[in-house]
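Some notes on the structure that comes next.
The values are calculated or read from the model by the stated rules, or taken from the named source; none is laboratory data. It should be emphasised that the depicted structure is a prediction, and the values quoted were computed from it without experimental measurement. Cβ placement follows ideal geometry from the backbone for every residue including glycine, while neighbour counts extend to all protein chains displayed. Surface areas here come from the heavy atoms of the whole protein model, side chains and all, with no ligands, DNA or RNA. Shrake-Rupley method; radii C 1.70, N 1.55, O 1.52, S 1.80 Å.
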Amino acid sequence: VHPTAREDGCTLWNYVKRYYAYRGLDLGLHPVSRLDRFTSGLVVFAKKPRMQAALAHQDLLKEYLAVTVGAPPQAHGILDAPIARKEGSIIEREINPAGKPCRTEYWLLRRCGPLSLVRCRLYTGRTHQIRVHMAHIGHPILGDTVYGAKKPVPGLTGQCLHATGLRFVHPRTGEPVELHCP
């Protein structure tokens, strides 16, 4: 989403900044939501810092679609397991009783051979949350080389995880906002 030491030019931050410049807009860049590297879908930027701050104090309801290896044990479930940074890593996370509370609800939508399509709803927003939770129950996201198979899947450039929806209350109007990215 934003520039890092490893990724400076090809980020959403850079694209939005260039778009603002192209349109002659004098607006700040204030990410409200983020996605893991190689996850596709919906990301929201606020135009003003006060809107970003107001949205940061809300529980945004986020929904995703994922292709998992195998099928979860039940057609519907709630994964309620704390996540912490894995010792010795700046990237990896793990289920750890000393971690922060973390809750993911899932629905098994379809099975197709060794793969499944799963809809996930986040009630917390931890780094790699869906990826860690699904791997923890033995059904990692297809293409996830951090928490699943260590070899990339031919033809895939990342994990099969897509942010499809985001719901929140508009901080200024009080109206519900629902965004979708099929």
Express the relative contact order of the chain as a whole percentage, based on alpha carbon pairs under 8 Å and six or more residues apart in sequence. 23
Computed ³J(HN,Hα) along segment 120-125: with the Karplus parameters 6.51/-1.76/1.60, θ = phi - 60°, integer Hz and x for glycine or proline, the list is 10, 10, 9, 9, 9, x
Rounded to whole angstroms and listed largest first, the alpha-carbon spread of segment 36-131 along its three principal axes comes to 47, 31, 23
Magnitude of the Cβ-charge dipole (Lys and Arg +1, Asp and Glu -1) of segment 81-175 about the Cα centre, nearest 20 debye, reported as 120
Residue-normalised accessible area of the chain, expressed per residue, 1.4 Å probe, Å²: 60
Phi angles of segment 67-75, converted by Karplus (6.51 cos²θ - 1.76 cosθ + 1.60, θ = phi - 60°) into ³J(HN,Hα) in whole Hz with x for Gly and Pro, give 9, 10, 7, x, 10, x, x, 10, 5
Ranked output for segments 29-39, 45-55 by mean other Cβ atoms within 10 Å, highest leading, reads 29-39, 45-55
Let me spell out the model: positive unit charges on the Cβ of Lys and Arg, negative unit charges on the Cβ of Asp and Glu, origin at the Cα centre of segment 1-151. What dipole size does that give, in debye rounded to 20? 280
Where trypsin sites (Lys or Arg not before Pro) fall in DSSP loop in segment 141-173, at most 10 other Cβ within 10 Å: 150, 172
So what are the three principal axis dimensions of the chain from its Cα atoms, in whole Å, longest to shortest? 49, 36, 35
Scan around residue 45 for amide H atoms under 5 Å from its own, H built in the peptide plane at 1.01 Å from N, and keep only partners 5 or more places away or cross-chain. 32
Would you give the gap between the C-alpha center of segment 1-45 and the C-alpha center of segment 105-182, rounded to a whole Å? 20
Carbon and sulfur: what percent of the chain's accessible surface (1.4 Å probe)? 55
Output the Kirkwood hydrodynamic radius of segment 1-81, Cα pairs only, in Å rounded to one decimal. 15.4
